[in-house]
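Peer 1: Okay, here's the structure, questions in a sec.
Nothing in this text is a laboratory measurement; each read-out follows from the coordinates by a stated rule. What you are looking at is a predicted structure, and each value in this text was computed from that prediction instead of being measured. Using ideal geometry, Cβ is built from the backbone for each residue, glycine included, and neighbour counts are taken over all protein chains shown.
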Amino acid sequence: MSGAEWFGDRPGGLNRYFQDLFLALSQRDDCQVEGYAFGTPPEGGASWGPTGGGLMARMRSSRRGPAVDGAVLDRHFAPYGPGARSAGVDVVHFQGPWAAESAVAGQRGSGVALKRAIERRRYRGADAAVVLSAPFRDILCRDYGFPVDRVHVIPPGVDLARFTPAPERPGAATVVCVRRLERRMGIDVLLEAWVDVVRARPEADLVVVGTGSEEGQLRARARELGVDGSVRFAGRVTDEELRRTYADAACSVVPTLALEGFGLIALESLAVGRAPVVTRVGGLPDSVTGLDPSLVVEPGSAGALADRLARALDGDVPDAEACRRHAALFDWSVIAQRHVDLYCGLGA
């Protein structure tokens, strides 16, 4: 397995997913797994070196690794890892359009073009691709020309031992949002919605967990809207702090505007027993539709988001037991088995 960075050094959805899948596969008796990424690895993992540095230098460093002749090369980030020719089976994980995400974040010109070229080269000729949701399957096939019959939709998993259930808190008035503070994450729409939420529920408060390039603008926007007194930007937190934050809340919210593969944080919230309100973007609806379709709202609509959050604060959400039961469908042991089935089906 080749990733980007180990989660302990660089928190983020892609790195969390890569590390947790590596650990889930490593715990199986029928798998021999080696995982490589930059940063400090968990037990059993390996590192190409420290995080940071230029893209081309990191690409060269990431070519180091064990011989994988006859084995599966399971690549989670297009730029990094050994060449596909050394693998018996070449599997790519498409967790999002890297070039398109960079363009949405404001990058232009040759940088975006280089990223797209790297992506196309890596995906060309792969034996199979794994995507987290049907919308990302469609993007991979439409924008990169990947054959649809070689794409496998496997959702992410959640660590039920890390995110343990918490008793319900009747009357809780906190909403938590865990996101990178970037343009496509929809935090600006959430702040606009929050004006109406606090008008209906003056005691409500919003906790925004995460960091990113838009933090300064979002703080300023909260002040402009007059809701800064009820909005707290918590920055980066540990897993235990995150669990406690979910536990103290009435619900969570994922207001993404574009390019969301699935949304691991929705599963984490469910595992703690708190329902997430999500937008109809990418794979986000897949995380809650089987639980309560009303938790899905249209992206970019501050009014729809405010209405659903106010209802959630009034108690109109699935209870903690139902949330935890739904999260169990995504336990990492279940998701790891689906990957093993895929590898074996490809002749590994």
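Peer 1: State, as an integer percentage, the relative contact order of segment 151-218 based on alpha-carbon contacts under 8 Å between residues 6 or more apart.
Peer 2: 42 percent
Peer 1: Here's a follow-up. Within 10 Å of each residue's Cβ, count the other Cβ atoms and sort Ile139, Ile154, Ile265 from fewest upward.
Peer 2: Ascending Cβ contact count within 10 Å gives the list Ile154, Ile139, Ile265.
Peer 1: A further question on this structure: Once R0 is set to 35 Å, what does the formula 1/(1 + (r/R0)^6) return for the Cβ-Cβ distance between Asp314 and Arg244, expressed as a FRET efficiency to the nearest 0.05?
Peer 2: Computed FRET efficiency for Asp314 and Arg244: 0.90.
Peer 1: For segment 174-329, count all C-alpha to C-alpha pairs, find those more than 29 Å apart, and express that count as a whole percent of the total.
Peer 2: Distances greater than 29 Å cover 7 percent of the Cα pairs.
Peer 1: May I ask for the percentage of alpha-carbon pairs in segment 193-233 that lie more than 15 Å from each other?
Peer 2: 38 percent
Peer 1: Under the rule of -39500 (n - 2.57) per DSSP H run of 4 or more residues, summed and divided by the residues of the chain, what mean residue ellipticity at 222 nm is obtained, to the nearest 500 deg cm²/dmol?
Peer 2: Value at 222 nm, helices only, nearest 500: -11500 deg cm²/dmol.
Peer 1: Can you give the log10 of the normalised intensity I(q)/I(0) at q = 0.06, 0.13 Å⁻¹, computed with Debye over equal Cα scatterers of the chain?
Peer 2: So the normalised log intensities are -0.21, -1.01.
Peer 1: Using a 10 Å cut-off around each Cβ, can you sort Trp332, Trp194 from fewest to most neighbouring Cβ atoms?
Peer 2: Trp332, Trp194
Peer 1: Fewest first, what order do Glu119, Glu240, Glu168 take by the number of other Cβ atoms within 10 Å?
Peer 2: Glu240, Glu168, Glu119
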